[in-house]
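To start, the structure itself, in structure tokens.
Coordinate-derived values only; no laboratory data. Predicted, not measured: the structure shown is a model, and the values here were computed from it. Because the Cβ atoms are built from the backbone with ideal geometry, glycine has one as well, and the counts that use them run over all protein chains shown.
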Amino acid sequence: MLRILLFNFTFSLAFFTFADGHEGAESMPDSTGYVLMSTYEMPYGGKYKDLEKSLIDEAKAGVKDGHDACSLYRHVQGSQRAFYLICSFKTMEQFAEIMSIERDYSNDKQLFASHTDHILSRVKVELDGPPPFVMFGKWRPGPNLSMSDFSERMSSFQKAFSKSFGSCNEYVHAWGPEYAGYLACGFDNWDHFAKAAAAADENVVAALSSYPVTGIVSHSDELLVRVYPK
């Protein structure tokens, strides 16, 4: 049941669009800070250790440039074989100072196949540090949901997954290529995940059952392992 719910969570609902992804911001919850999530997909024939070493250096440089903290995760299960670099900051003014630092990449060799950046606004924070493993889930709303309705559903998902895993952070799109809601739930090992998955069967279904329609057009999960800091 959980595998169907988590990895094939699709309903016959269409996605609503914004001209630039930021209209209706007045309906968004107050931010408790931000994370910059950068995804680096592995190239065909590339070596994990080469890209991992480069991105660990990038994580260290991110903190030196002014991020509060940076961590690096590697794909275990999910949609794409990739690394996820997550750096936190408190305000857009802090981000502006970080981005104003000049760094020369002109002689660097590109070690990844593709790359995306998302700035996510923190809605709820329960994790007190980067856990050894993360279930990273993404939900995209359909056209039948207002932003407040979507926020309500994401809050329900957060509570259900937090009850299952023990602690989950909730995020929402701030800047980047798509509008979505996100959860990052930590777990200690695969035995912990197995127990959380069993609990989520009941808790997530109960959360979904409280709505006449889910209003979610697509959902995906990534299972990640921390590679930095060790």
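For the range 48-74, the residues whose backbone nitrogen is under 20 Å from a point 7 Å from the Cα of Lys109, taken along Cα to Cβ, are 48-59. Counted by Cβ distance under 15 Å from Asn144, the other residues give a net charge of 0, where Lys and Arg count +1 and Asp and Glu count -1. Taking the Cα centre of the range 2-228 as origin and assigning +1 to Lys and Arg Cβ atoms and -1 to Asp and Glu Cβ atoms, the resulting dipole is close to 700 debye. Pairs of Lys residues in the range 2-228 are counted when their Cα atoms are under 22 angstrom apart and they lie 8 or more places apart or on different chains; the count is 19. Taking 0.36 nm per residue of separation and subtracting the Cα-Cα distance, full extension of the segment from Glu102 to Asp50 would add 16.3 nm.
Dipole of the chain computed with +1 at Lys/Arg Cβ and -1 at Asp/Glu Cβ about the Cα centre; of Gly66, Tyr34, Asn203, farthest Cα towards the positive end is Asn203.
Between Asp149 and Lys60, the modelled labels are 5.0 nm apart [label points 7 Å from Cα along Cα→Cβ]. Counting only complete DSSP H runs, which helices of the chain cover 24 Å or more along their long axis at the Cα atoms and score a mean Kyte-Doolittle of -0.5 or above? The qualifying helices are 190-209. Near Ile216, the amide H atoms lying under 5 Å from its own belong to Gly142; only residues 5 or more places off or on other chains count, and H is placed 1.01 Å from N. Our coupling estimate for the range 214-230, obtained by passing each phi through the Karplus curve with A = 6.51, B = -1.76, C = 1.60 and θ = phi - 60°, is 6, x, 9, 8, 7, 8, 9, 10, 10, 9, 10, 10, 6, 10, 8, x, 5 Hz, Gly and Pro reported as x.
Computed over Cα pairs, the Kirkwood radius of the chain leads via Stokes-Einstein (0.692 mPa s, 37 °C) to a diffusion coefficient of 178 µm² per second. Each of Lys230, Lys138, Lys47, Lys60 was scored by other Cβ atoms within 10 Å of its Cβ. Listed from fewest to most, they are Lys230, Lys47, Lys60, Lys138.
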